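Have a look at the structure below, then the notes.
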Amino acid sequence: MTRFREQDRKAPIHAAKAPSRDVFLIEDSVALGMLLQSKLRASISANVVWLKTYAEAARALSEQAPALAITGINLPDAPDGEIIDLLAQHDVPTILFTATLDRKARERFTSPNIIDYFFKNANDIVDHVVRTVARFTDKLAPSVLIVDDMESGRSVLAQLLRHQHYRIFQAASGAEALRILADDDAIQLVITDHHMADMDGHELTRRIRARYAADRIRIIGISASSDPFLSAQFLKAGASDFIYRPFITEEVRYRIESNIDTLGQIKHLRFLADRDPLTSLYNRRAFFERAHPMVDDLRANDGQGSIAILDIDHFKKVNDRYGHDAGDKVIKQVARVLEDCCARGNAITARFGGEEFIILFTDLPQHEVHARCDAIRTTIENIGIPYNDAVLRITASIGAALIQPAEGLDNNLNAADQMLYMAKNGGRNRVVYDAVYC
């Protein structure tokens, strides 16, 4: 049995090549062409070149090799699918859409450069095409770990996934798979065989699920076993799906895609649940979910942290004079300042409600916390926010308190709120920090 060197196991066996900047859209229908072009340009960074005839496509292909082509089968000057042969000759990865699909047509779609096909009459064809193009042109393509102690088993799946432009990792044992997962948190999907020497796929699934939730990593079990109950055992252990060998390539491809899409949808829903819709900062609930364990960690490790509350000075006057649209613009600008501050690390921020924001600093010395808070205050004071014919000038007051881990988060927030009150009472546009250093 062939073994991989250690560095081969930890690195992707196949990494996506850097795509060219062009995607060729070959379609004579003006309505479908305009819709696809518009959706693609809104969703991907690659340049979309719309070509309406075989002659235009042949000319473009003679000048450059695109990252990807999207085409129908029949064109006005090539009614018998000649465009498919042309793209195959140039070895261009191709997505097809077709009105019908019989066995003869399906056989024609087996060319190695065909990565997928869709039906023109499907209601969601555009969304499917856009998702596939985005995956193919994305430099951060989804990562998949294949686990099988037989090299031949890994190779079949690796070839299928490579064709679909996934990033591929391989492991020859369950223990090796767990090491790879621990080393690379980008892996989204694990495909594991059942029969392996060190631990079977059922046990590997159970161990992965004990460490990673189903909304973080999906697992597909696969086996040539004739045991009809094996799929149920895998699903009960935490697998998301199961496939019996010998499998149909097209079915495997769509099961993999479905699981990856599910993770993407979960991630998007989690983002919407955790974020303030106006600023995209964490909302109050999401902040507390993250802050409580951070304070617990400070207590357990004798760490040092601080908590700060920011309030926009005289914000009601902005709304009363210029309207709520202007107020929203001010809030978004302040949020950007806070986001820039937290991008430097050791801090998380959230919109606490209305014109109030909160920042939690961890593992920063007191003078650095004070410096960051004052930098936030100064930046807000110096920005001009254009609104209609006016330029809005605002200031903010900040109250900060050194975290007392034994007191719990609520008491520490009350301490920061008292400092904020002192900042406002002292004239606003200032930072008040209860640390001894100040």
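The values are calculated or read from the model by the stated rules, or taken from the named source; none is laboratory data. It should be emphasised that the depicted structure is a prediction, and the values quoted were computed from it without experimental measurement. Using ideal geometry, Cβ is built from the backbone for each residue, glycine included, and neighbour counts are taken over all protein chains shown.
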* Residue by residue through region 395-410, note down the ones that are outside any helix (DSSP H, G or I) and either touching a residue at least 60 places away in the same chain (Cβ under 8 Å) or on the phi > 0 side of the Ramachandran plot (or both). => 395, 396, 397, 398, 399, 400, 401, 402, 403
* Asked: Is it the case that some residue within region 289-296 is of a type in the set (A, V, I, L, M, F, W, C), touching a residue at least 12 places away in the same chain (Cβ under 8 Å), more than 14 Å from residue 358 (Cα to Cα) and in contact with an Asp or Glu (Cβ under 7 Å, 6 or more places away or on another chain)?
  -> no
* To do: Among the residues of region 184-236, write down those that are among the acidic types (Asp, Glu) and buried (at least 22 other Cβ atoms within 10 Å of the Cβ).
  => 193
* Asked: List, please: which pairs have Cβ atoms under 9 Å, are six or more places apart or on different chains, and start with a residue in region 150-167 that is polar (S, T, N, Q) and end with one that is in a helix (DSSP H, G or I)?
  -> 164/132; 164/135; 164/136; 164/253; 164/256; 164/257
* Pick from region 135-159, criterion surrounded by fewer than 19 Cβ atoms within 10 Å (Cβ to Cβ) and hydrophobic (A, V, I, L, M, F, W, C), ranking: nearest to residue 114 (Cα to Cα) -> 156
* **One residue from 242, 234 being part of a strand (DSSP E or B), at pLDDT 95 or above and under 30 Å from residue 150 (Cβ atoms)** => 242
* To do: Scan region 12-27 and give yes if some residue there is surrounded by fewer than 16 Cβ atoms within 10 Å (Cβ to Cβ) and modelled with pLDDT of 50 or more, otherwise no.
  => yes
* Return yes when residue 433 is modelled with pLDDT of 95 or more, farther than 23 Å from residue 300 by Cα and of a type in the set (Phe, Trp, Tyr) and no when it is not. => yes
* Could you grab me the full set of residues in region 315-330 that are surrounded by fewer than 20 Cβ atoms within 10 Å (Cβ to Cβ) and within 21 Å of residue 373 (Cα to Cα)? => 315
* **Counted residues, region 36-92 - those being of a type in the set (Ser, Thr, Tyr), outside any loop (DSSP other than H, G, I, E, B) and under 20 Å from residue 126 (Cβ atoms)** => 3
* Asked: For residue 266, which of the numbered conditions (1) of a type in the set (Val, Ile, Thr); (2) over 17 Å from residue 145 (Cα atoms); (3) in contact with a helix residue (DSSP H, G or I) (Cβ under 6 Å, 6 or more places away or on another chain) fails to hold?
  -> (3)
* Structure fact -> The condition of being closer than 24 Å to residue 424 by Cβ, in the same structural domain as residue 412 (by TED's automatic domain parsing) and of a type in the set (A, V, I, L, M, F, W, C) holds, among 400, 300, only for 400
* Which ones in region 315-360 are at pLDDT 95 or above, among the basic types (Lys, Arg) and under 23 Å from residue 403 (Cα atoms)? -> 351
* Asked: Of the residues 413, 420, which is under 26 Å from residue 316 (Cβ atoms), among the aliphatic types (A, V, I, L, M), in contact (Cβ under 8 Å) with a residue 40 or more places away in the chain and touching a strand residue (DSSP E or B) at 6+ places or on another chain (Cβ under 6 Å)?
  -> 420
* Output the residues belonging to region 374-394 that are β-branched (Val, Ile, Thr), surrounded by 15 or more Cβ atoms within 10 Å (Cβ to Cβ) and not in a helix (DSSP H, G or I). => 383, 385, 394
